[in-house]
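Comments concern the structure below.
Rule-based calculations on the coordinates, nothing more; no lab input. Note that this is a predicted model, so its numbers are computed, not measured. Cβ: placed from backbone, ideal geometry, glycine included. Neighbour counts: every protein chain shown.
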Amino acid sequence: MAWFRLIAAGAVALVTLSWLAISGGYTLYLNRASYRGACAAELSRTLGLPSDIGGIVPHSLRAREFRDVVVWLPERRDRALTCRRAIVQSTATAADPDAYEIQVLGGECEVSTRTWLRSDYRGVLESGLRPGFSRGGPRRVHFEDMDVAFVRNGYRARLSGAAGSVSFVDAQHGTAAVACREFNGWACREPVKLTARFSPTRDGIRIDHAELIVPDLPLSAAELRRLTGVDAHSGRFQGRMQYEESEGGQTLVLAGRCAELDLRELTAGWTAVAWRGRCPQIELEELRIENGAPARLRFRGMLQEVSLGDVLAAFGLSGTSGVASLSVREADISRSGVALLAAAGECRDVDLRALTAALGRGEMSGTLRATIDELRVVDNRLQSLTAALVVAEAGDTPNWVEGRLLQELVRRTLQVELPFALPERIEYARLGVRFEVRDEVLRVFGTHGEENGTILTVRLHGQDVPLIFQPRRPFDLRPGLDLLRQRAVEHLAQTRPTVDTSEPRAPADSTP
């Protein structure tokens, strides 16, 4: 929004030159220095910002050209905008004898935290746009070949060759349209586009609606490293941003699509270990921010070939093998929690010996595959889950499990205490379990044996012996999930961000 405000404000700031250009008189024009000084003084008075004019050239009795116009920030801290040429021309008709338009050709501005205070953004916007709603203001402002740069904490976004117009439909409504084909030096096949509607209020100018559309661009063009610390070079992005102001405050909505992202680049520096893996596509359907606080997130996408060891390193489970994939078919999250989540995924080639050794509860061998065929959460409640954990059958080397680990797993997962002591190590032939949850009631099933009712089959004296069977009764998950929901609500209330409305101070070295 900042660069739109500067383009609009800078272009329309020149409207106050019109009456001087059209009705100033040829005699006054002959005294060029006096005329320039009068125009610059009137522009400064109207805008409330220091202004300079380099030269004035007559085109006709109905048009004048102003050259090398500079509008300064308060106290001349730095330039708000420069304009090489501005042509003011009368378009008077019998129905509208005071009508005129402005054409701005060439110019630039830099929106920088080095010199701009928060009040400057709003002040320059209102100073530039308000004359358009006043009697005797312009009907339209055209501009071409404008360069706008946004600089913040070392990050720089530059839009080159911007062109567009600002139109004042009537005393209560204005519109703007801006487009450019170069972003941070990258030539876009499709233009970056901005459209906006704005209106006057008692206290200033209100942006009723603005929409910024970004075409398909390499993610590297965004230079995220300087802005977020993410050093992303691969992948592409396209999307849009909508911004609105109303009596209730400000609303920002982001939507877009990222493709072919490298997870190592995105997670480096943010996680204990950069995650190896790919993100073929993520579609952000809506990220709504109201008055500076996230209000809603809707998205879908997938992750592929993610290193499980990289993910679990944050929990101290280093050295774990396996890869994971996750597909989020639909997600809708708000301040009230999870309105909808539909997902599926799998982990494969998980070395159980490395994983159980890291957990420290005993060890077992085998290669595990975990699958989630369906996960569905509706209104913060686990509506359904279908998942399975299956250990691949052993080859030449048999699988085994330590007795103490087996006893612990049975107690924790099945809530059953085995009535007998287990050997220090037990060879097992098959291990698998399926989970089904419907409306937060869990049922546990086996994966083999008679009627697929066996979970664990051990091998004793060369014979396969079923040891653990699926439980007959279901498990009610609601008490435990209710507790988790309550904790989540409390955590959200404590961590909800607040909007910082304080004014930043000007840098000590900001005066040119």
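Counting pairs of alpha carbon atoms under 8 Å apart in space and at least six apart in sequence, what relative contact order in percent does the range 375-426 give?
Contact order relative to length: 29 percent.
Be a star and scan the range 444-478 for residues whose amide nitrogen sits under 16 Å from the point 7 Å along the Cα-to-Cβ vector of residue 369.
447-448
Filter the chymotrypsin sites (Phe, Trp or Tyr not before Pro) in the range 237-295 down to the DSSP loop ones having no more than 10 other Cβ atoms within 10 Å, then list what survives.
When the chymotrypsin sites (Phe, Trp or Tyr not before Pro) of the range 237-295 are filtered for loop state and at most 10 Cβ neighbours within 10 Å, nothing remains.
How far, in nm, would the chain grow between residue 411 and residue 304 when pulled straight, counting 0.36 nm per residue and subtracting the alpha carbon separation?
Going from the current span to full extension adds 35.2 nm.
Enumerate the calculated ³J(HN,Hα) couplings along the range 253-269 in order (Karplus 6.51 cos²θ - 1.76 cosθ + 1.60, θ = phi - 60°), each rounded to whole Hz, writing x wherever the residue is Gly or Pro.
Each residue of the range 253-269 in turn: 10, 10, 8, x, 9, 10, 9, 6, 8, 9, 5, 4, 5, 6, 9, 4, x Hz.
Return the long-range amide H neighbours of residue 296 (sequence gap of 5 or more, or a different chain), with a cut-off of under 5 Å between placed amide H atoms.
For residue 296, whose amide H was placed from the backbone, the distant partners under 5 Å are 288.
Calculate, for residue 285 and residue 251, the FRET efficiency according to 1/(1 + (r/R0)^6) with r their C-beta to C-beta distance and R0 25 Å; round to the nearest 0.05.
0.95
Say each of residue 421 and residue 195 gets a label point 7 Å from the Cα, pointing the same way as Cα to Cβ; how far apart are those two points in nm?
Those two pseudo-labels are separated by 8.0 nm.
What's the Kirkwood radius of the range 369-434 in Å, using all Cα pairs?
When all Cα pairs of the range 369-434 are included, the Kirkwood radius is 14.3 Å.
How large is the charge dipole for the range 253-329, taken about the Cα centre, if only the Cβ atoms of Lys, Arg (+1) and Asp, Glu (-1) carry charge, to the nearest 20 debye?
The dipole of the range 253-329 has a size of about 160 debye.
Using only the alpha-carbon atoms of the range 253-329, report the extent along each of the three principal axes, biggest first, to the nearest angstrom.
43, 24, 20
Can you compute the modelled spin-label distance between residue 186 and residue 452, with each label point 7 Å from Cα toward Cβ, in nm?
Between residue 186 and residue 452, the simple spin-label model gives 4.8 nm.
If you average the sequence gap of Cα pairs under 8 Å that are 6 or more apart and divide by the length of the range 253-329, what percent do you get for the contact order?
Normalised by residue count, the contact order of the range 253-329 is 27 percent.
Taking only Cα atoms of the range 49-89, what ratio of Rg to Rh do you get with Rh as the Kirkwood inverse-distance radius?
Answer for the range 49-89: 1.09.
Once amide H atoms are placed 1.01 Å from N in the peptide plane, what residues at a sequence separation of 5 or more from residue 400, or on another chain, have their amide H within under 5 Å of its amide H?
365, 428
Could you work out how much longer the chain between residue 336 and residue 318 gets when fully extended? Use 0.36 nm per residue separation minus the Cα distance between them, nm to one decimal.
3.0 nm
Which FRET efficiency, nearest 0.05, do residue 349 and residue 443 yield, Cβ-Cβ r, R0 41 Å?
Between residue 349 and residue 443 the formula returns 0.90.
Can you give the Rg and Dmax of the range 311-413 based on its C-alpha atoms, in angstrom?
16.5, 54
Could you compute the FRET efficiency for residue 38 and residue 91, with r as their C-beta to C-beta distance and R0 at 25 Å, rounded to 0.05?
0.60
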